[in-house]
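The values are calculated or read from the model by the stated rules, or taken from the named source; none is laboratory data. This is a predicted model, so every value here is computed, not measured. Here the Cβ is made from the backbone with ideal geometry for all residues, glycine too, and neighbour counts use every protein chain on show.
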2 protein chains.
Amino acid sequence: MGKRLDGARNAPNSVSRSAPRSRWEEHRARFEAYIEGLVFSEEPRLETLVEAMRYSMLGGGKRVRPTLCMEVAEVFGAEPGLVLPSATAVELIHTYSLIHDDLPAMDDDDFRRGRPTVHKKYGEAMGILAGDAFFGESLTLITVHQEGSPEQVLEVVRELAGSTGVNGMAGGQVMDMDQTGVGGAADPETLHMIHNYKTGALIKSSARIGAILAGAGEEEQAAVSEYAMELGLCFQIVDDVLNATSTREALGKSAGSDAEQGKATFVGVYGLDGAKREADEAAEKALQALSTVDGDTSGLEELALFVRHRGH
Amino acid sequence: MGKRLDGARNAPNSVSRSAPRSRWEEHRARFEAYIEGLVFSEEPRLETLVEAMRYSMLGGGKRVRPTLCMEVAEVFGAEPGLVLPSATAVELIHTYSLIHDDLPAMDDDDFRRGRPTVHKKYGEAMGILAGDAFFGESLTLITVHQEGSPEQVLEVVRELAGSTGVNGMAGGQVMDMDQTGVGGAADPETLHMIHNYKTGALIKSSARIGAILAGAGEEEQAAVSEYAMELGLCFQIVDDVLNATSTREALGKSAGSDAEQGKATFVGVYGLDGAKREADEAAEKALQALSTVDGDTSGLEELALFVRHRGH
């Protein structure tokens, strides 16, 4: 079944010399330093749980969501460090979804980012519970550590409520599993819906949270939401294209594995050329969405172009 | 391994004629009517997910948490219906924990409240995802539907953050699983810690949320927190006592099953008489905690006495 954007493949600095490294790598370095400091508990009886959580959250990845959140905050005039607690909350929720997706009852993956998955290393019960624990810890980061007015912080929680429940991540994974085996026979509407629910909603929230905490207005929030939805869509389509065309070596996993597993993919539904056109269109819409934003959106533009052209 | 207070056994109206039915049953009826109206999504592709969620949340139970939340709100002068969204959020989080606890990798239970568990009826993946989805939906109930100032509503989320993460429900379940097989050899401190994290924290939050939303002060919040912690402890100890002494018929499950499974229980650690004394002490402390509260605490007192003496 389809995957979330997990950074397992095509990390920016390994794929393209034209990657927008400077500002993104700066956000990323700050983010990595921040999460390195998260311990959750020093209770000896919880040592293994904390170890499992740190194992999964410190295991790399592109960190698209938190760095997007930081960049959007900066576009609207906030110091990117301001949003670190909420940006981290989003990444921890993403991490929890990856751990649960990997479980034997779901995708049954033994490896992620070249290392054993959490349930392979710590057992299945720990995989379930480490994921569950991340949700509570995400809320603690937001409600205890996030600066901002109560209205703003509450709005951050409301964002994540919508993007993680039935009409977000969890519902998207259900639909994705339902479609596995259908492959190219999936209808375009269902395919888009799976993507929007499963990954689009949380990516949109990442951008929106950056805007909310920076004090951006409704219109500006809507603009970056639109940008982020299209960015996430573009990322997913390019992922499908790369999966269908790249060699195993370039991809870090079996090329063509989506087709083998009967996943509903954009290549399966639109064909290779059609999928590339869809990716172009999504990137174009992402850039267009930024046109109304009053601020330096060059970093966001770079990211959209990078996402469209990575791996080539 | 130990269980949460799930209402599988000893529903008030089936056990004792002295149960404080009137006000509690009124809260409960209002609560049941409220959750009956929760649909989450009308998207046909999510029909099974919604069905699985409704199957588990409408499957009965004593509803200790939401009715406690409502009663506490009333003690501090609020209309109990005011707190329904947050009270429901607590119950949905409790429901999600039960679904995950029942999974094959955890307690591997096929039945709950006399019906197949969610994963037995809908498959293991759906069990994991229905649980996950409940968390997001709980947050939507609070952040979209709960009346109150932003400060109050944010405080409700903060409460749940603390009682569900590493230092709450998830961490408690990890410790409980670690102790399974240890049985009577568990040390009292660990036993109390398991209970506090796994069930005590969320029951405390139920009471505290009622107080927060009713506008009670810090001292009043502290008093009902103390009450709820002792109430939850008393409930757990009595549960262990009943498990060790009741017949299968009275209990609705195998009597003595805790001992068979090597669970860490209060009877195992303190012996039968010692456990009864601990239960008395907890009930007494619960009542004492109410002594500083300026309001009609008779309903809370009734509940403490009922919890202590149920099943006799």
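Can you tell me which residues in the stretch A:74-87 are touching a residue at least 40 places away in the same chain (Cβ under 8 Å) and part of a loop (DSSP other than H, G, I, E, B)? If the condition is that a residue be touching a residue at least 40 places away in the same chain (Cβ under 8 Å) and part of a loop (DSSP other than H, G, I, E, B), then A:PHE76, A:GLY77, A:ALA78 are the ones that fit.
Yes/no per residue for (1) part of a helix (DSSP H, G or I); (2) at pLDDT 95 or above; (3) within 14 Å of chain A (Cβ to nearest Cβ):
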residue: B:ILE35; (1), (2), (3): yes, yes, no
residue: B:ARG45; (1), (2), (3): yes, yes, yes
residue: B:LEU49; (1), (2), (3): yes, yes, yes
residue: B:SER56; (1), (2), (3): yes, yes, yes
residue: B:GLY60; (1), (2), (3): no, no, no
residue: B:CYS69; (1), (2), (3): yes, yes, no
residue: B:VAL72; (1), (2), (3): yes, yes, no
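Every condition in (1) crowded, with 24+ Cβ neighbours inside 10 Å; (2) more than 9 Å from chain B (Cβ to nearest Cβ) is met by A:GLU189 except one, and the failing one is (1). Just wondering, is there one or more residues in the stretch A:118-137 that are closer than 21 Å to B:VAL153 by Cα and not hydrophobic (A, V, I, L, M, F, W, C)? Yes - at least one qualifying residue is present in the stretch A:118-137. Just to be sure before I move on: is B:VAL90 within 14 Å of chain A (Cβ to nearest Cβ), in a helix (DSSP H, G or I), of a type in the set (A, V, I, L, M, F, W, C) and within 19 Å of B:LEU300 (Cβ to Cβ) in the structure I sent? Spelling it out, B:VAL90 is indeed within 14 Å of chain A (Cβ to nearest Cβ), in a helix (DSSP H, G or I), of a type in the set (A, V, I, L, M, F, W, C) and within 19 Å of B:LEU300 (Cβ to Cβ). For A:VAL39, the criteria (1) at pLDDT 95 or above; (2) closer than 23 Å to B:VAL157 by Cβ hold in every case but one, which is (1). Residues of the stretch A:281-312 that are closer than 18 Å to A:SER22 by Cα and hydroxyl-bearing (Ser, Thr, Tyr): A:THR297, A:SER298. Against the list (1) surrounded by fewer than 21 Cβ atoms within 10 Å (Cβ to Cβ); (2) among the acidic types (Asp, Glu); (3) modelled with pLDDT under 95, the condition A:ASP239 fails is (1). Residues of the stretch A:162-184 that are more than 14 Å from B:GLY131 (Cα to Cα) and free of Cβ contacts under 8 Å to residues at least 24 places away in the same chain: A:MET175, A:ASP178. Scanning the stretch A:119-177 for residues that are within 7 Å of another protein chain (Cβ to nearest Cβ), assigned to a helix (DSSP H, G or I) and β-branched (Val, Ile, Thr) yields A:ILE128, A:THR140, A:THR143, A:VAL144, A:VAL153, A:VAL157, A:THR164, A:VAL174. Return the only residue of A:GLY181, A:GLY215, A:GLY210 being at positive phi, more than 9 Å from chain B (Cβ to nearest Cβ) and modelled with pLDDT of 95 or more. So the residue among A:GLY181, A:GLY215, A:GLY210 that is at positive phi, more than 9 Å from chain B (Cβ to nearest Cβ) and modelled with pLDDT of 95 or more is A:GLY215. Taking the criterion of being surrounded by 16 or more Cβ atoms within 10 Å (Cβ to Cβ), free of Cβ contacts under 8 Å to residues at least 24 places away in the same chain and not polar (S, T, N, Q), the residues of the stretch A:104-120 that qualify are A:PRO104, A:ALA105, A:ASP109, A:HIS119, A:LYS120. Residues that are closer than 11 Å to A:ALA52 by Cα and surrounded by fewer than 24 Cβ atoms within 10 Å (Cβ to Cβ) within the stretch A:121-144 comprise A:LYS121, A:TYR122, A:GLY123, A:MET126, listed in sequence order.
For A:GLU147, the criteria (1) over 26 Å from A:LEU233 (Cβ atoms); (2) surrounded by fewer than 16 Cβ atoms within 10 Å (Cβ to Cβ); (3) free of Cβ contacts under 8 Å to residues at least 60 places away in the same chain hold in every case but one, which is (3).
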